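Here the structure comes first, spelled out in structure tokens, and everything after it is commentary.
The values are calculated or read from the model by the stated rules, or taken from the named source; none is laboratory data. Note that this is a predicted model, so its numbers are computed, not measured. Please note: Cβ atoms are built from the backbone with ideal geometry, for glycine as well, and neighbour counts cover all protein chains shown.
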Amino acid sequence: MSEPLLAVDRIETRYGLSQVLFGISLAISAGEMVTLMGRNGMGKTTTVRSIMGLTPAMAGSIRFDGQEIASLPSFRVAQLGIGLVPEGRQIFPNLTTRENLVATASNRMGSADPWTLNKVFELFPRLGERLNSMGNLLSGGEQQMLAIGRALMTNPRLLILDEATEGLAPLIRAEIWQCLTRLKSAGQSILVIDKNVEALTRIADRHYLIERGRVVWSGTSAELAANPQIQHQYLGI
């Protein structure tokens, strides 16, 4: 069996004296969409920060495409092909839509069909209409589309979305889910952190549920959809 694209093995992470992650393990294969779900404050964003090298794990292993990355600085992790859509979007408010998209654009992996401005505008036509608008003048939904487009312009092998649809209107959320479905169909590997179980069980392959810094359940979409007790116990639904 081939090694997963991303393999997180028993990582432990803390902020100062406060430990947040207690042996988190998860794996994502090439072309797979996987979710990490749980209530607020359970360690989802810390897991993402550990993968990206923003809050390094103090124990355990994180391997990407067979290479250990747990000790790498965040810019090296990004250069290896992991694109992050961070919680809160964090776009550049004083740059235009176009400038945000090209600011960190790259094709380090040598993709034969790399992401371009036109491809991003095909995915999100609204961004093309706001090409010269400053980032701080975009709506919340437009900013999230821009954050996704900015990550795609780095041509990532793995795309991570932290709180993919938090605070967005229902119509915008539906557009984001449609976008992720298209990306998955095109073979993009994706890790999604979000709370929308109904949408995620429709489009994702597998799920990890996290509680107080530990993975407490993992399984397929069919298994999660068929288990309302697990959903209620760990997701509060």
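The table below lists the values:
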quantity: Strands (runs of 3 or more DSSP E) contained entirely in the stretch 175-237, each with at least 2 residues that are of a type in the set (Val, Ile, Thr); calculated: 189-193, 214-220
quantity: Every residue from the stretch 68-114 that is assigned to a loop (DSSP other than H, G, I, E, B), of a type in the set (Val, Ile, Thr) and crowded, with 18+ Cβ neighbours inside 10 Å; calculated: 69, 91
quantity: Unmet criterion (only one of (1) among the small types (Gly, Ala, Ser); (2) out of contact with any Lys or Arg (no Cβ under 8 Å at 6 or more places or on another chain); (3) surrounded by 18 or more Cβ atoms within 10 Å (Cβ to Cβ); (4) in the same structural domain as residue 14 (by TED's automatic domain parsing)) for residue 149; calculated: (4)
quantity: Cross-chain or 6+ apart pairs with Cβ under 7 Å, the stretch 54-70 first and basic (Lys, Arg), then in a strand (DSSP E or B) and at pLDDT 95 or above; calculated: 63/7
quantity: Those residues of the stretch 115-134 which are of a type in the set (D, E, K, R), farther than 29 Å from residue 195 by Cα and surrounded by 14 or more Cβ atoms within 10 Å (Cβ to Cβ), in sequence order; calculated: none
quantity: Residues satisfying the stated conditions in the stretch 1-29, i.e. without any contact (Cβ under 8 Å) to a residue 60 or more places away in the chain and either small (Gly, Ala, Ser) or not assigned by TED's automatic domain parsing to the domain that holds residue 213 (or both); calculated: 2, 7, 16, 18, 27
quantity: Some residue of the stretch 143-165 being under 13 Å from the mean Cα position of the chain (by Cα), modelled with pLDDT of 95 or more, among the hydrophobic types (A, V, I, L, M, F, W, C) and in a loop (DSSP other than H, G, I, E, B); calculated: no
quantity: Residue tally, condition closer than 18 Å to residue 29 by Cα and touching a strand residue (DSSP E or B) at 6+ places or on another chain (Cβ under 8 Å), over the stretch 174-208; calculated: 17
quantity: Checklist (1) more than 25 Å from residue 234 (Cα to Cα); (2) in a helix (DSSP H, G or I); (3) touching a residue at least 24 places away in the same chain (Cβ under 8 Å) applied to residue 51, failing item; calculated: (1)
quantity: Residue match in the stretch 135-145 (condition: under 24 Å from residue 31 (Cβ atoms) and either surrounded by 15 or more Cβ atoms within 10 Å (Cβ to Cβ) or out of contact with any Leu (no Cβ under 7 Å at 6 or more places or on another chain) (or both)); calculated: yes
quantity: Qualifying residue in the stretch 208-228 (condition: over 18 Å from residue 47 (Cβ atoms), hydroxyl-bearing (Ser, Thr, Tyr) and either exposed (fewer than 15 other Cβ atoms within 10 Å of the Cβ) or not assigned by TED's automatic domain parsing to the domain that holds residue 38 (or both)); calculated: yes
